[in-house]
Amino acid sequence: MSSRGLPLRLKYLIQIATDVSVHKADIKKITTHQLQQMKNRGEKISMLTAYDFSMARILDGAGIDVLLVGDSASNVMAGNETTLPITLDQMIYHATSVVKGVERAFVVVDIPFGSYQGNSSEALRSAIRIMKESGAHAVKVEGGNEIKESVIRILSAGVPVMGHLGLTPQSIFKFGTYTVRAKEEAEADKLLEDAQILQDSGCFAIVLEKIPAKLAKKVAKQVSIPVIGIGAGGGVDGQVLVMQDMLGITKEFQPRFLRRYADLDNIITGAVKAYVKDVKSSDFPNEKEQY
Ligand code: KIV
């Protein structure tokens, strides 16, 4: 049917709908398959954490490949000292908000402490709740051989699993510190073994946190799935940072591996100070800023 003769407003709405659908069709969503292809052709994978709709929309629009709804939400969103207190319900709340803001990125959600370590049935139940209630694309779990059964069980339900080795914050009270992991040969050997186990169990990718760059490079060479590093050097297949850290919101956290791309603490503080001043002096709102 020709649009000639249609009221102008209707033509306008049809035009908008067409533009949007063309735009959306142009967006190629990231999948596990694409992440694997990136590794195969040597293209690095970019990953950041996100916990809410507004930031997820900005990060997705800026071209991030993977958004991790990390249990670091426990630290940066809820103000806890560790990742241990965050609950499955809270992770699902964050993940649901992130998924709504995303058109292209692949969304991975941490299964929080206490929601998968019990046994593989518990792990499967938690993974299914995350996928069903949030609409996310995959889950992440910390550990190697000790969680192998859970990885296999979750995968048997068709849920992609990302592994996490090295410094695993859910075990912080076992480690006692946040220092670099796997510096000793025995721990490095166990990490290489665990990476192989995670790959053989079906994980589509592995995060390596805070381990020597040389070891991380070795792992990335040994396994064929993508290896994403945080504090693990440049010899891996991609990088992940906590969004608040790289944007300069969490100023007190300054590990060597962190590169800050903005100083939002200063920018936000300046903006809020200006707002307070304008409100106090009755400069805001002015004539044009009212009805
Ligand atoms: O929860 C998190 O933010 C993470 C990243 C540090 C990888 O697991």
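Of the residues making up region 196-218, those that are crowded, with 21+ Cβ neighbours inside 10 Å and either away from the ligand (no atom under 15 Å from the Cβ) or touching a residue at least 60 places away in the same chain (Cβ under 8 Å) (or both) are 204, 205, 207, 215. Tell me, yes or no, whether region 29-42 has at least one residue that is buried (at least 22 other Cβ atoms within 10 Å of the Cβ), within 11 Å of the ligand (Cβ to nearest atom) and of a type in the set (A, V, I, L, M, F, W, C). Among the residues of region 29-42, not one is buried (at least 22 other Cβ atoms within 10 Å of the Cβ), within 11 Å of the ligand (Cβ to nearest atom) and of a type in the set (A, V, I, L, M, F, W, C), which makes the answer no. Which of the residues that make up region 231-265 are charged (D, E, K, R), within 15 Å of the ligand (Cβ to nearest atom) and open to solvent by less than 60 Å² (accessible area, probe 1.4 Å)? Those that are charged (D, E, K, R), within 15 Å of the ligand (Cβ to nearest atom) and open to solvent by less than 60 Å² (accessible area, probe 1.4 Å): 237, 245. Scanning region 76-105 for residues that are closer than 22 Å to residue 128 by Cα, within 14 Å of the ligand (Cβ to nearest atom) and either assigned to a helix (DSSP H, G or I) or within 13 Å of the chain's Cα centre (by Cα) (or both) returns 90, 91, 94, 95, 98. Candidates 224, 282: the one that is open to solvent by 30 Å² or more (accessible area, probe 1.4 Å), at positive phi and assigned to a loop (DSSP other than H, G, I, E, B) is 282.
Looking at (1) more than 17 Å from residue 239 (Cα to Cα); (2) open to solvent by less than 20 Å² (accessible area, probe 1.4 Å); (3) in contact (Cβ under 8 Å) with a residue 40 or more places away in the chain; (4) within 15 Å of the ligand (Cβ to nearest atom), find the lone condition where residue 116 falls short. Single failed check for residue 116: (3). Look at residue 99 and say whether it is in contact with a strand residue (DSSP E or B) (Cβ under 7 Å, 6 or more places away or on another chain), closer than 17 Å to residue 241 by Cβ and either in contact (Cβ under 8 Å) with a residue 24 or more places away in the chain or β-branched (Val, Ile, Thr) (or both). Answer is no for this residue. In region 58-75, the residue that is farthest from the ligand (Cβ to nearest atom) out of those that are part of a loop (DSSP other than H, G, I, E, B) and touching a helix residue (DSSP H, G or I) at 6+ places or on another chain (Cβ under 8 Å) is 65. The residues in region 179-194 that are in contact with a helix residue (DSSP H, G or I) (Cβ under 7 Å, 6 or more places away or on another chain) and within 15 Å of the ligand (Cβ to nearest atom) can be counted, and the count is 1.
The sole residue among 268, 206 that is modelled with pLDDT of 95 or more and within 21 Å of residue 167 (Cα to Cα) is 206.
The values are calculated or read from the model by the stated rules, or taken from the named source; none is laboratory data. Because the structure is a prediction, the values reported are computed rather than measured. Ideal geometry is used to build each Cβ from the backbone, glycine not excepted, and the neighbour counts take in all protein chains shown. To get the accessible areas, we keep the full protein, side chains included, count just its heavy atoms, and leave off ligands, DNA and RNA. Shrake-Rupley method; radii C 1.70, N 1.55, O 1.52, S 1.80 Å.
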